[in-house]
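In what follows, a structure is listed as structure tokens, so that the remarks can point back to it.
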Amino acid sequence: MLNEKKVLFSGMQATGNLTLGNYLGALKNWVNLCEEYECFYSVVDLHSITVRQDPTVLRQRARKLLTIYIAAGLDPEKNCLYYQSHVSGHAELAWILNCFTYMGELNRMTQFKDKAAKHADNINAGLFTYPTLMAADILLYQADVVPVGIDQMQHLELTRDVAQRFNAVYGDVFTIPEVYIGKVGAKIMSLQEPLKKMSKSDENPNASIYLMDDPDTIMRKCKRAVTDSEGQILYREEQPGIRNLIDIYSACTGKKPEEVVKEFDGKGYGDFKVAVGEAVVSALRPLQERYEELSKDKAYIDGIIKANAEKANYVATKTLRKVQRKVGFPDRVR
Ligand code: TRP
């Protein structure tokens, strides 16, 4: 672990089923990053309980997500794949960072405002301090880069501000993280409302393709995708539905959008939708097969969970002890 590689940290919530958008936009692109970075990918279950969860479902989904990480190609020997709740340092550092974060800063977070509006009956303090927990995730591992989408940029900015504030008082304790700008994945939109991002929490089941959807379901959803009445397969803003299908086809086949337009020149939407469905089915097949195999191998997955939690704990504890010392907590007596 004592190498010169830069550190990359990211987390995903195990709420809802992962969509094709999560895969093409994030996961798929993470696979090779371990060559360049020391990578940590957390299943952020502490974040998940800021909204009510069914305990059994949450536990199942967390395991499913971790298994999907591996099935998608993240090598668990080269990437640290672990549950946030298995590393108590996250909660401990989050507490300390709470004492360095202003109410006003948290009040400005647009995600808090959105979620508070959505869960008006349960606007709990955890929902409010969600961003300081996220800052703790990132800073515990001294992450240099964090691959996040535009919706998490505000949280990353806050992380940087809090880290800088802390460093200004106590010296260079935290690495100031930057957004990871590498090969960005495709941004996949809803099949039903192509101006909206494809989301795992969409209430319309036809809007999203889930990673574990069977071929018939994938085909049906593609055929039902909302398009337009232009009748031409062109890659342009005026045709967001067709444009999204081109993006999906392009990400699944590796062909450029211009090539896709050429390939389907003169063809009808019906034929194109079938081709998109087939491309998605083939793109997801290896992941689904690997997932089936892995989920039968309980001992293997358990082993990964244990080893990676130990590794994460080791790194996290190092930072945590340093922070505790800086703020004036008494040394541990050995
Ligand atoms: N808040 C992120 C999301 O909802 C998930 C997350 C938690 C995360 N901790 C993180 C992402 C740390 C990047 C780094 O997408």
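The values are calculated or read from the model by the stated rules, or taken from the named source; none is laboratory data. Model, not experiment: these values are computed from the prediction. FYI the Cβ positions are ideal-geometry reconstructions off the backbone, even for glycines, and counts take in every protein chain you see.
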Next item on the list: Just one of (1) in a loop (DSSP other than H, G, I, E, B); (2) surrounded by fewer than 22 Cβ atoms within 10 Å (Cβ to Cβ) trips up I96, so point out which.
Entry: (1)
Margin query: I'm told A117 meets every condition in (1) within 12 Å of the ligand (Cβ to nearest atom); (2) of a type in the set (A, V, I, L, M); (3) more than 20 Å from the chain's Cα centre (by Cα) except one. Can you identify the failing condition by its number?
Written below: (1)
Check: Among the residues of the stretch 21-39, how many are more than 12 Å from the chain's Cα centre (by Cα) and in contact (Cβ under 8 Å) with a residue 60 or more places away in the chain?
Finding: 2
Next item on the list: Give the residues of the stretch 161-176 that are surrounded by fewer than 19 Cβ atoms within 10 Å (Cβ to Cβ) and assigned to a helix (DSSP H, G or I), sorted by residue number.
Entry: D161, Q164, R165, N167, A168, V169, Y170
Note to self: Name the residue that is farthest from the ligand (Cβ to nearest atom), counting only residues in the stretch 151-178 that are more than 20 Å from L33 (Cα to Cα), charged (D, E, K, R) and without any contact (Cβ under 8 Å) to a residue 40 or more places away in the chain.
What the structure shows: D172
Check: So, of the residues in the stretch 22-58 that are within 14 Å of the ligand (Cβ to nearest atom) and in a strand (DSSP E or B), which turns out to be nearest to I181 (Cα to Cα)?
Finding: Y37
Notebook entry, point to check: Can you tell which of D45, D54, D75 is without any contact (Cβ under 8 Å) to a residue 60 or more places away in the chain and within 18 Å of M134 (Cα to Cα)?
Noted result: D45
Next item on the list: Taking V148 as meeting all but one of (1) within 11 Å of the ligand (Cβ to nearest atom); (2) of a type outside the set (D, E, K, R); (3) not in a loop (DSSP other than H, G, I, E, B), write down the number of the exception.
Entry: (3)
Check: Considering only residues of the stretch 1-21 that are within 11 Å of the ligand (Cβ to nearest atom) and modelled with pLDDT of 90 or more, which is farthest from D214 (Cα to Cα)?
Finding: L8
